[in-house]
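The structure appears below as structure tokens.
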Amino acid sequence: MAIPQGLTEQQFSTALNELAGVVGRDWVFRSREILETYRDVYSPYRNQADEPVASAAVAPATVEQVQQVVRIANTYRLPLWVFSTGRNYGYGGPAGVTRDAVTLDLKRMNRILDVNEEHAYAVVEPGVSFFELYRYVQERGIKLWLDVPGPGWGSLVGNTLEHGMGYTPYCDRMAFQCGMEVVLPNGDLVRTGMGALPGASTWQMYKHGLGPNVDGLFYQSPFGIVTKMGMWLMPEPETYLSCAIAVSGWDDLVPLVNRMRPLRHANLVSNNATFRPRGPVGGGPGGSALGPNGFPTGGWDVTVAFYGPEKIVDQQWEHVRDVYATLPGVEFQSRKYKQPMNRDAFDPADRSQAGVPGLVQGHPVFMSPVLPFTGEACLECIQVFDRIAQRYGRRYFGSWMHADSPHSIITTSGAELRAGDEAYNRQSVELAKAWIREGAARGWGAYRIHTALMDDTRAIYSFNDHALLRLHHTLKDALDPNGVLAPGKNGIWPRELRDRRGRRSA
Amino acid sequence: MRPRKGLAVAVCVATLGGGALAAQTAETVDTGRRIYANWCVHCHREGGSATRVLEQRYQGKVPAVVEERTDLAAARIVRLLRTQTPGMTAFRPTDLTDSDVEAVAAYLTRNNALKR
């Protein structure tokens, strides 16, 4: 069993005993059987010598326990890899970057602290999943909708911190987060925004507080452990209209995207317009019939939705149909839901835009670049990624593309994995690295990345000789001088590990 | 709360498919039903992603909807819930305690007696 670098077995054992004194002996795990559950079942390095596996796991139940765990970690220089519910599959799941970290599992911190219907917000701890908050709201008849990503068992806090997106008008979820409580790497406790004012009545109502807004420091970050988060929720609309626009030609993606852009800019389409290839194309085998240009012939659709009084959503949809009506062969579909709404009975295709959590399948090595909001960029990305994939004997025909922001498109690209096929899975990592490098040469960078690719992705964010990384490391050294928190997270390393940054090149 | 290692009150003891013995009470089965609804049913409902996979695997020999099975062994369910597989990820003790896992097993074996 791995132990953290620089510690003897005896020192590690002593540290774990101290952790047990804080959280209880039953919540410190070191048995092979339990640590098995902390591995990433979808790791491209599964069962290989360099698979990042935890040396132990510790599961605090309170903020005070988190503070004490962090202080003990500083005493012994224990590296801590933190997760909220550990379901970040496709990006590393529960596992960290290095092989020796102690996993800090926050799932037991699962309290829903407040759901305020009048002011439309919730305050939760990191262990609360989308399923759990959804159930809480439904059981109490609270007329608020969540914004949910694909994996409903993920953490609202964790997914938001990783820049996760959903499908409602609150899809750019970071924009709707309001107020945090954070344990810093030295064990200190901070509340951001108005939360710095003891007894503040507006912690979840006004984001900024006084002075520099620091919430962004804790996104995709090894600078702190978020123990509470406020999130604005969407009032249940009077009418929900779920719509799809379909085109049949492969190149029709260009006008499909381009005509959506001004609609998103003007907020006439307010939710995450999601562009999808029609038919089983994806990155795996068995794609649909190929056209003369080598691409599938199934065409594309885009899903959008409208929310509000019926006469308004009807007119919004009519306007959008007018915008697309001149496209040859365009098809429109819509389904309308009115009060009283039973969202669990909605058509499955309409649930995500109504904030109903589900579970998506498929966990490749994700490498999802951010593109300009143009159809030309989307098609170019698919063509470039496919050419690269062909060098590895594969094809790539595009996946879902999200306009969660009115100004950009995120393509959820992924290199497929095969259970137990070491050579294929290592090749998948190499393919994703090639996408990173060659995408960067065209100005595209990933919005979020798998732990296996964090150093490679960090390397492309290199303006002015990696000035942003230097700033991140300056912050890291100031906030976490012992380097205990999430070493290697998004390419940010503790000082003493920096010279051999990246476990695979160490 | 510490995961319980055993169940305190056994109203009946059922012999389960794998030969393991587990105490079943109406309360335990009901707890298992609730946990199953919270954690499992998303994939294992009628038409769910796991059900579709199991339909292919079983080809009608046994029900693909796991709740309809009457031949599952409690010990096997407990082991599956703690084992990582590409088809179903493991549940950690912070997700489901030992007593939660046992309750799910009790729920999924509640109808085994019907088969006998």
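The values are calculated or read from the model by the stated rules, or taken from the named source; none is laboratory data. Because the structure is predicted, anything quoted here is derived from the model rather than measured. Here the Cβ is made from the backbone with ideal geometry for all residues, glycine too, and neighbour counts use every protein chain on show. Heavy atoms of the whole protein, side chains included, go into the accessibility calculation; ligands, DNA and RNA do not. Shrake-Rupley method; radii C 1.70, N 1.55, O 1.52, S 1.80 Å.
All conditions in (1) on the phi > 0 side of the Ramachandran plot; (2) within 14 Å of chain A (Cβ to nearest Cβ) hold for B:Pro86, with the sole exception of (1). The condition (being of a type in the set (Ser, Thr, Tyr), open to solvent by 40 Å² or more (accessible area, probe 1.4 Å) and within 27 Å of A:Thr160 (Cα to Cα)) is satisfied by just one residue among A:Tyr461, A:Tyr392, A:Tyr447: A:Tyr461.
When the helices (runs of 4 or more DSSP H) confined to the range A:154-266 are screened for residues that are in contact (Cβ under 8 Å) with a residue 12 or more places away in the chain and in contact with a His (Cβ under 9 Å, 6 or more places away or on another chain), those reaching at least 2 such residues are found at A:260-265.
Out of (1) at pLDDT 90 or above; (2) surrounded by fewer than 18 Cβ atoms within 10 Å (Cβ to Cβ); (3) in a loop (DSSP other than H, G, I, E, B), the odd one out for B:Asp30 is which? With respect to (1) at pLDDT 90 or above; (2) surrounded by fewer than 18 Cβ atoms within 10 Å (Cβ to Cβ); (3) in a loop (DSSP other than H, G, I, E, B), B:Asp30 is out only on (3). For A:Ala95, indicate whether it is surrounded by 22 or more Cβ atoms within 10 Å (Cβ to Cβ), touching a residue at least 60 places away in the same chain (Cβ under 8 Å) and more than 14 Å from chain B (Cβ to nearest Cβ). No, not satisfied.
Report, by residue number, each residue of the range B:51-96 that is without any contact (Cβ under 8 Å) to a residue 12 or more places away in the chain, open to solvent by less than 20 Å² (accessible area, probe 1.4 Å) and of a type in the set (Val, Ile, Thr). Selection gives B:Thr89, B:Thr94. Restricting to the range A:411-425, name every residue that is open to solvent by less than 70 Å² (accessible area, probe 1.4 Å), of a type outside the set (Phe, Trp, Tyr), farther than 28 Å from A:Val302 by Cβ and not in a loop (DSSP other than H, G, I, E, B). Within the range A:411-425, just A:Asn425 meets the criteria.
Any idea which residue in the range A:116-129 is nearest to the other protein chains (Cβ to nearest Cβ), counting only those that are within 26 Å of B:Val41 (Cα to Cα) and in contact (Cβ under 8 Å) with a residue 40 or more places away in the chain? Here the answer is A:Gly127. You will find that of A:Asp477, A:Asp499, A:Asp456, the residue that is among the acidic types (Asp, Glu), without any contact (Cβ under 8 Å) to a residue 12 or more places away in the chain and open to solvent by 10 Å² or more (accessible area, probe 1.4 Å) is A:Asp499 and no other. Condition test on A:Ser242, is it crowded, with 20+ Cβ neighbours inside 10 Å and closer than 30 Å to A:Val69 by Cβ? Taking the combined requirement at face value, the residue does not satisfy it. Criterion applied to A:Glu117, A:Glu9 was being within 26 Å of A:Leu156 (Cβ to Cβ) and surrounded by fewer than 20 Cβ atoms within 10 Å (Cβ to Cβ), and the one residue passing it is A:Glu117. Could you pull out the residue among B:Leu54, B:Leu96 that is within 12 Å of another protein chain (Cβ to nearest Cβ), aliphatic (A, V, I, L, M) and within 26 Å of A:Ser43 (Cβ to Cβ)? Within the list B:Leu54, B:Leu96, the selection yields B:Leu96. Annotation: of all residues in the range A:130-141 being open to solvent by 10 Å² or more (accessible area, probe 1.4 Å) and out of contact with any strand residue (DSSP E or B) (no Cβ under 6 Å at 6 or more places or on another chain), the one that is farthest from the other protein chains (Cβ to nearest Cβ) is A:Gly141. Looking only at the range A:482-493, decide whether some residue is over 18 Å from the mean Cα position of the chain (by Cα) and among the charged types (D, E, K, R). Scanning the range A:482-493, I find no residue that is over 18 Å from the mean Cα position of the chain (by Cα) and among the charged types (D, E, K, R), so the answer is no. The lone criterion from (1) touching a residue at least 12 places away in the same chain (Cβ under 8 Å); (2) more than 29 Å from B:Ser49 (Cβ to Cβ); (3) surrounded by fewer than 18 Cβ atoms within 10 Å (Cβ to Cβ) left unmet by A:Val313 is number (3). In the range A:1-92, counting only helices (runs of 4 or more DSSP H) that sit wholly within it, the ones holding 3 or more residues that are aliphatic (A, V, I, L, M) and at pLDDT 95 or above span A:9-23, A:63-76. Among the residues of the range A:99-108, those identified as assigned to a loop (DSSP other than H, G, I, E, B) and either of a type in the set (D, E, K, R) or surrounded by fewer than 24 Cβ atoms within 10 Å (Cβ to Cβ) (or both) are A:Arg99, A:Asp100, A:Lys107, A:Arg108.
May I ask you to list the residues in the range A:296-341 that are of a type in the set (D, E, K, R) and not in a helix (DSSP H, G or I)? Residues satisfying the conditions are A:Asp301, A:Glu331, A:Arg335, A:Lys336, A:Lys338.
On the stretch given as the range A:12-60, residues that are away from chain B (no Cβ under 13 Å), open to solvent by 30 Å² or more (accessible area, probe 1.4 Å) and under 29 Å from A:Met454 (Cα atoms) total 2.
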